[in-house]
Structure formats: structure tokens, C-alpha cells
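Below: one structure, written as C-alpha cells.
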Amino acid sequence: MSAPRPPLHETPLTALKGVGPKMLEKLSKLGLRNVQDVLFHLPLRYQDRTRIARIGSLRPGEETTIDCVVEQSSEVMRRRRMLLVRVSDGTGWLTLRLFHFSRAQAASYARGVHLRCFGEVRPGPNGLEMVHPETRRVDESTSPLEEDTLTPIYPTTEGVHQLTLRSLTEQALALLNDGGRVTELLPETLRARYRLDDLAAALNDIHRPPKETELHLLADGTHPAQRRLAFEELMAHALSLRLLRQQTQRNPAPEIRDTGTLARQLVDRLPFRPTNAQDRVIAETVADMRRAWPMQRLVQGDVGSGKTLVAVCVALHAVEAGFQAVVMAPTELLAEQHYQNFSTWLEPLGIPVAWLSGKQKVGTRRAALEDIAQGRARVVVGTHALFQTDVAFDDLGLVIIDEQHRFGVHQRLALREKGARDGRYPHQLIMTATPIPRTLAMTAYADLDVSVIDELPPGRTPVTTVVIPDSRRDEVMERIRGACSEGRQAYWVCTLIEESEVLQAQAAEDTAARLAEVLPEIRVALVHGRMKSADKEAGMAAFKSGETGLLVATTVIEVGVDVPNASLMVIENAERLGLAQLHQLRGRVGRGTAASACVLMYHPPLSQGAKDRLGVMRESNDGFVIAQKDLEIRGPGEVLGTRQTGMVQFRIADLGRDAVLLDDARDAADAFLDLSEIDPTPLLQRWLGDGVRYGDV
Ligand code: ADP
Ligand code: MG
């Protein structure tokens, strides 16, 4: 052992041979700033140059080395000039195919010459071949094989050669193995409990896997060394969210202590009984609100599972305890619908509901604001604009956020801050529009408690989904005629790829006119984003009351709209929509007891991705299943939306592959927190960087 060195995260890259100012700049593009960074710059894949394979046992796709003798070589002219060299090693033969070669090179492949070739084995027209392998002549002076570890291939950037990265990692490992410190941040007890390799050993293995390592483990990312690092990363993320949660819980919140009388009165007046799942979620939520710190609960429920009733009951508990409750919806249309529902339910109980919208007349809005500030309004319904304006509450106890597709941690925090008053933070209940796959919920929402409404109200029949080309539009219109003649109602959703609201509105208007023409006996209503609020409301109201049989709309009706008598949904250009959106739209039907159908109309040809999506929709009605498929097809970043990709962009971990590690990583994070003498900061810094400091938001 030599003299103590500075830890590797404080050792500059210039300590490594071959790193000057120019290289320093290039390496910074790879995010490499110090020697420790080099060690955490992990190989993308590996090559096996440690052994010589027999040609007779080669399989296509393998990257390997062979020792062979040239049998015959010929220059041929197919579409282009090429050199075909037939080689053998006594166990079989193979063709080397070269496109670029000089005279001299061609001549060097003379019959009888010994060669060592490294390349990928591919199926060719006449058996296996290697295209442009790395070749070397073998003579007495050739060493058997100089590599005694698998060869790492690193992610790189322009101007940084693989050999440079190999040299840098080689040197970094040498420093590591000679007293250089990469701090082991996982306590011994946790490493033992979860059978994790020691960090230095893992880094050695991952950069220079010994030759007996099974390549397929590395390729799958399931090698213990990779697992060790992925585990540490997942644990760091879990830890950051746990810390955030602890932080939240240190704030005081209004304690909601009531007898539940109001909520019972409401339930007694309903024409149905809450499902067991609804009862359970309400109870979990109410228990949270009795505490002196703010609730942070996520309610997951599939479309139609009855999240609104949960929201109303929970709001009633807060109101009975003497606090105001706010309900926020993502669209004007949904907020409006909630306002109507809440008013119908709450006003008979003597509870005034206020409505706040960005589009209200000044006078109406002023009056509403005053009702809210004076505390006359006990429940307030509105869009997210609610918190972007100067709304003052008398005594806000609960914030309910409905039908949120994505809700990044930063947004959650911002809302919490805005609702705070006199240092007291209101309780927060977030209701998802679409179920979130478990793996994502565990990583992106680990700071929240989660309740799941895992049951639909009784009597629902699953929606039958068909996928048909738009050349059969006439047939689809006939289906609408059929549904409406039986007293049912239908939606026709127009989608356009253009972001332009004007074009979308135009398309919806044209379609509505066309449908009215073809179906003269049916009254058609129209709703799109360009309409005046009052007209939109009128259109919705007419459809809700059953006065109009067909509602033509843009995707503004995507979430929340609830008209149980509607039993047919037609979605035009369904191939353009994502799974979450299709599932949401389809969720507008199948809300009553009548058998419902959804027609996904597409414009051929279908891409493979679109085919997959429409296939998933045809096969499943279960939002949790669809969400999982969506995750598999698109990956976590896309599913959660760009806003929070920052928190799920893992460096090593992969949510698909490492899902099995999640439970343990989260338990380990909890255990880590229990060992309160350990400072979590270095672990967070290693994996989340300086940018994300949840702990002190
Ligand atoms: P979502 O979870 O999609 O927001 P909603 O709250 O809009 O679902 O509820 C869908 C429909 O189911 C509404 O018409 C609602 O009145 C009805 N509903 C809710 N709970 C029950 C229940 N327990 N039994 C019967 N119908 C219910
Ligand atoms: Mg809803």
C-alpha cells in the first residue's frame, strides 16, 4: 500500500495518463469530471476476446475470435467488388467477406496463411460468415491470447476512442486497487442482508469481468456486480423520496376530527352502496387526516371505479371538522361537471359549494372569491388555475387533485406551498386518471401513500372493443343509428395530429355536420376547445340530460365526463393516440349497466407500434394491465411525461429488468434511515447529483 490518496471523487481526471485540456473537455461531455466518475461510467456491453472458438460450434450473432487457415480467396463482382475468403480450422469452415481492400491486402489472404479473426458471426448465402473482421496473421511470435478479461465496450462521444476509455478505466481501477477510495456507502449490515457485493469488487468485475464470467448474465444486466450497483441506485432514489416524505411530515396540518355524520348522510341518500374498495379507501384517507401532519395520499382507481364519490366523502369529513376543501380538475369541462355533481350532492346537506374558473365574469368571480375568503363557501371546485391566482381561503384543510395523469414531485411541492397558511399545510389527496404500473408508482411516487380502488361498482359489463379501418365509416354510422334508436347515446371523438386547436375544432365541426346529415333523426351536440364556456356547458348539459343522442367532441372529453346512458364510443384516427388516452376515452362508456362498445377507427396503413397499441386495447379493459403494457412499449420516461423524467432516468437501473429489486431497495432505504447515525447525503449525491436535493426543498 502506498501513501493515503485523496478519495477518487476528489482526484482530477488529469491525474490519469492521456488526459490533457482537450480530452478533459471531451470527457466532460460524457459527464466525467473526476476519477470516481470514470469508475461509474459503465460498459454498454462486452466482447469475449478471451478464448478461441471452434468454427464448428459457432452460432450466428456471436462475437468471437477464431484461429484459422485460408483455404481459398477470390475477388468477385456482385453489386460491388468484394473479396471472399474461405477459412477453416479443422472443425468447420467460414467465409470472410471484405468490401474495402487494397491489392496488397487481397494478396495477403493467400492459401495456407494462418489468421486470427475477431468479428460477429452472421448467416450468409453459403453458411456462416464474418464481415470485415479484425484479422491478424498468426506466426510463432503470436501470443496465445492476451486478453484475460471480457472486453468492455463503453458509451462514448465523438473523439473519445474505446481504447482511450479502456485505458482510463484501467488506470482508475489501478488507483482504486492501490488505496484509492471510492467510499462504500452501504453499511455492512445491509450488504449482508441483501447479499450485495462489496463496491470495489463490483466495480472491478463490471469493468473487467474475469473470463469465466457468463456473458449472458452481463448482457441481461443480472450479473451480481451490475445488480449491486443497480440496487444502490434504486435505493438512493427511494431514499430521496422517503426523506421528502419525512420532511413533509414534520410540518403541522389541521387535524380533521369529526364524527363522519355528514358523510353518512350523503351515503344514505345515494341510490347505490359504496363498494368495499371505496369504503376502504375513504377509511384510509380519513385516518390520515386525523393526524397532525399533512396527508400525502395517492388514490389509484381505474376509469369508472368511482373516485368522485371518494372525493366527496373525504371532503365532507374535512367540512364537518370545520375546514374548507378544494377540488381541482385538469380541464374546465371536468371542473364544471364536478361543480354540478358536488352541488347536487352537497346543497341538500346545507353545504355551500363555490365555483372558480379562469373564464368567469369579473363580478361573479369577485363574489366567489369573497365567499371563499369569508368562509361562506365550504367546498370550492375549479381548475388548476385556482392556485395560480389570488385566492385566499378562510381555513383550508384539504386539497383534492382529481384525474391527474402525471404529477411530478415538484408540482406536488409547489401546490403544498401554495395551500399553506400560518405554517399549517392542508392535507393532499391526489387521484390518478390512469393507473400507474406498480414499478413506476414505487419509484416516482414513493413519497406518497397509495390507496387502490381495486373494484368496479357492480353490474358493469366490460366494453367490447373493435378495431376497424375508416373505409368502413358508413357501417360505424349505422351502429350509431342502432344505439340511439334503442334510447342509448353515443360519442364520436375527432382526433387530429395537429396541435392546432383551430384545426381540431374545424374537424369536429365538419364531422358533426356530416353526421347530422347522414343521421337526420338523431340530435347531435358538439363540444370542442374553441367554443365559449357557456356553449360548451350547454352542449354537455344537453347530452347529459339525454336531449341529444350523439356528442361529437375533440379529446376535451378525455377525462372524467360521466354520462352513464352513453354506450357507444367511436374514436377516429385511434392509431394516433397513446394507450393511456385511449383507455381514458373508452372509459366514458361502460358506466351504466348496458353492454357498451368502443369502435377504434384507424386510417391505414398501421405502423407496428399502432398495431400493438390497438391490439392491447382490443384485448384488455383493465387499466392496470394497459398501464403495464404501456410501460413495456414506451418505457418509464415517456409514460410519466417529460416533467419528471429527471427522477426516473436511472444510470444503471432499468425498471423493466430490475423490477425484482424494487421491494428490497425500498426496504433497504427504510433500514438505512433507521440507522440514523449515517448521513444519506453522499449516497444521494452519488446517484442523484447535486441537482436534485429533495431533502431541503
Ligand atoms: P371515476 O373513478 O372514473 O372518476 P366516477 O366517480 O365518475 O368514476 O364514477 C363512475 C360512475 O359510477 C358514476 O356514474 C358514479 O355515480 C357511479 N358510481 C360510483 N360509485 C358507485 C357504486 N358504489 N355503485 C354504483 N355506481 C357507482
Ligand atoms: Mg373521475
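A short reminder: the numbers here are calculations on the coordinates, not readings from a lab. None of the values given here were measured: they were computed from a predicted structure. With ideal geometry, Cβ positions are generated from the backbone for all residues, glycine too; neighbour counts draw on all protein chains shown.
Tell me which aspartates and glutamates have Cα within less than 18 Å of Lys611's Cα, excluding those fewer than 8 residues away on the same chain?
Partners within reach: Asp470, Glu572, Glu575, Glu619, Asp630, Glu632.
Provide the per-residue ³J(HN,Hα) series for segment 94-100, in order, calculated from phi with Karplus coefficients 6.51, -1.76, 1.60 and θ = phi - 60°, each as a whole number of Hz, with x at glycine and proline positions.
Values, residue by residue: 7, 9, 9, 10, 10, 9, 10 Hz.
Within segment 432-474, name every residue whose backbone N is under 18 Å away from a label modeled 7 Å from Cα of Val518 along the Cβ vector.
Flagged as within label range: 466-474.
Please give every one of the lysines within straight-line cross-link reach of Lys359, meaning a C-alpha to C-alpha distance under 30 Å, and leave out same-chain neighbours fewer than 8 residues apart.
Lys307, Lys418, Lys532, Lys536, Lys544
Based on the Cβ-Cβ distance of Thr344 and Gln247, what FRET efficiency does E = 1/(1 + (r/R0)^6) give at R0 = 35 Å, to the nearest 0.05?
Working: r = 39 Å, r/R0 = 1.12.
Calculated value: 0.35.
Please quote Rg/Rh for segment 440-491 to two decimal places, taking the Kirkwood radius as Rh and restricting both calculations to Cα atoms. List each step's numbers first, then the result.
Numbers: Rg = 19.2 Å, Rh = 15.4 Å.
My calculation of the ratio gives 1.25.
Can you sort Tyr194, Tyr491 from fewest to most other Cβ atoms within 10 Å of each residue's own Cβ? Walk me through the intermediate numbers first.
On the way: Tyr194 18, Tyr491 25.
Exposure proxy ranking, most exposed first: Tyr194, Tyr491.
Using label points projected 7 Å from each Cα along Cα→Cβ, tell me how many nm separate Met77 and Glu214, to one decimal.
Distance between the two pseudo-spin positions: 5.2 nm.
Measure off 7 Å from each Cα along the Cα-to-Cβ vector at Glu455 and Glu677, then give the distance between these two points in nanometres to one decimal.
It is 4.8 nm.
When all alpha-carbon pairs of segment 420-547 are counted, what percent fall beyond 19 Å? Provide the component values of the computation, followed by the final result.
Numbers: 5608 of 8128 pairs.
That tail contains 69 percent of the Cα-Cα pairs.
State the dimensionless ratio Rg/Rh of the chain (Rg: radius of gyration of Cα atoms; Rh: Kirkwood radius). Intermediate results must be reported in sequence, preceding the final value.
Details: Rg = 32.0 Å, Rh = 29.9 Å.
Computed over Cα atoms, the ratio is 1.07.
Can you order the peptides 561-572, 520-531, 176-187, 11-22 by their average number of other Cβ atoms within 10 Å per residue, highest first?
Numbers: 561-572: 22.1, 520-531: 18.2, 176-187: 16.0, 11-22: 14.0.
Sorting 561-572, 520-531, 176-187, 11-22 by mean packing, highest first, produces 561-572, 520-531, 176-187, 11-22.
Taking Cα atoms, how many degrees apart are the long axis of helix 362-374 and the longest axis of the chain, rounded to 10 and kept between 0 and 90?
Approximately 90 degrees, to the nearest ten.
Could you compute the FRET efficiency for Gln608 and Glu632, with r as their C-beta to C-beta distance and R0 at 22 Å, rounded to 0.05?
Numbers: r = 14 Å, r/R0 = 0.64.
The value I calculate is 0.95.
Residue separation times 0.36 nm, minus the C-alpha to C-alpha distance between Arg264 and Asp667: what's the value? Provide the component values of the computation, followed by the final result.
Values: separation 403, 0.36 × 403 = 145.08 nm, distance 3.79 nm.
Value of the extension gain: 141.3 nm.
Pop the C-beta distance of Glu120 and Glu140 into the FRET formula with R0 = 22 Å and round what comes out to the nearest 0.05.
Values: r = 29 Å, r/R0 = 1.31.
So, using R0 = 22 Å, E works out to roughly 0.15.
Suppose each label sits 7 Å from its Cα in the direction of the beta carbon; what would the Thr183-Ser167 distance come out to in nanometres?
According to this spin-label approximation, the distance is 3.2 nm.
How big is D, in µm² s⁻¹, for segment 559-617 by Stokes-Einstein at 37 °C and 0.692 mPa s if Rh is the Kirkwood radius over C-alpha pairs? Could you put the intermediate results ahead of the total?
Values: Rh = 12.0 Å.
D = 275 µm²/s.
Translational diffusion coefficient of segment 49-159 at 10 °C, 1.306 mPa s, Stokes-Einstein with Kirkwood Rh over Cα pairs, in µm²/s as a whole number.
On the way: Rh = 14.9 Å.
The estimated diffusion coefficient comes to 107 µm²/s.
Using alpha carbons only, how many degrees (0 to 90, rounded to 10) separate the axis of helix 662-674 from the longest principal axis of the chain?
Long axis of 662-674 versus the principal axis of the chain: about 80 degrees.
Return the percentage of antiparallel bridges among DSSP beta bridges fully within the chain, rounded to the nearest 5 %.
Working: 35 of 90 bridges.
The antiparallel proportion sits near 40 percent.
Sort 233-241, 164-172, 342-350 by the packing proxy (mean of other Cβ within 10 Å over each peptide's residues), most packed first. Could you put the intermediate results ahead of the total?
Numbers: 233-241: 24.7, 164-172: 19.8, 342-350: 15.2.
Output ranking for 233-241, 164-172, 342-350: 233-241, 164-172, 342-350.
To the nearest Å, what is the center-to-center distance of segment 420-456 and segment 139-189, using C-alpha atoms only?
Each part reduced to its Cα centre gives a spacing of 43 Å.
Kindly write out, for segment 255-269 in residue order, the coupling ³J(HN,Hα) from the Karplus curve 6.51 cos²θ - 1.76 cosθ + 1.60 (θ = phi - 60°), rounded to whole Hz, with x marking Gly and Pro.
Those phi angles translate into 7, 8, 10, 9, 9, x, 5, 4, 4, 5, 4, 5, 4, 4, 8 Hz.
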